[in-house]
Amino acid sequence: MLDRKVVEWLLLEELKDRGIRIPKRIDKEKLVEAFCRFTEDDYYEWLKDNFKTFFNHGNPDWGWIEEKIAEIDDKLH
């Protein structure tokens, strides 16, 4: 779940930088919530797609996965 205060700050800064004003009829808190939900929905879809790819659509290549783990271990040590 996204930090709504951080998202609010980001939205206001980005809109300001682009010279975009929020119409008076749009509630700022509702705008932030709508943007957060839009982003979270997209994020979860992205995660599910990456899960399918990483685990080879239900037929995991454990050797390849072990290589990925080893790459991380090498970078950490």
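Assorted remarks:
- Consider the range 2-17 and keep the residues that are of a type in the set (D, E, K, R) and over 15 Å from the mean Cα position of the chain (by Cα). The one that is surrounded by the most Cβ atoms within 10 Å (Cβ to Cβ) is Glu8.
- Cβ-Cβ distances below 9 Å connect the following pairs, each with a first residue in the range 22-40 that is under 13 Å from Lys5 (Cα atoms) and modelled with pLDDT of 95 or more, a second residue that is open to solvent by 90 Å² or more (accessible area, probe 1.4 Å) and among the aliphatic types (A, V, I, L, M), and a separation of six or more residues or different chains: Cys36/Met1.
- Top-ranked residue of the range 33-64 - restricted to ones that are out of contact with any helix residue (DSSP H, G or I) (no Cβ under 9 Å at 6 or more places or on another chain) and of a type in the set (Lys, Arg), ranked as least open to solvent (accessible area, probe 1.4 Å): Lys48
- Residue ID - nearest to the chain's Cα centre (by Cα), chosen from residues in the range 35-77 that are β-branched (Val, Ile, Thr) and over 30 Å from Trp9 (Cα atoms): Thr53
- Failed condition for Glu67, given (1) within 28 Å of Met1 (Cβ to Cβ); (2) of a type outside the set (A, V, I, L, M, F, W, C); (3) open to solvent by 90 Å² or more (accessible area, probe 1.4 Å): (1)
The values are calculated or read from the model by the stated rules, or taken from the named source; none is laboratory data. Owing to the predicted nature of the structure, the values given are computational and were not obtained by experimental measurement. For neighbour counting, all protein chains shown are included, and Cβ atoms are generated from backbone atoms with ideal geometry for every residue, glycine included. The accessibility values were calculated without ligands, DNA or RNA, using every heavy atom of the protein model including side chains. Shrake-Rupley method; radii C 1.70, N 1.55, O 1.52, S 1.80 Å.
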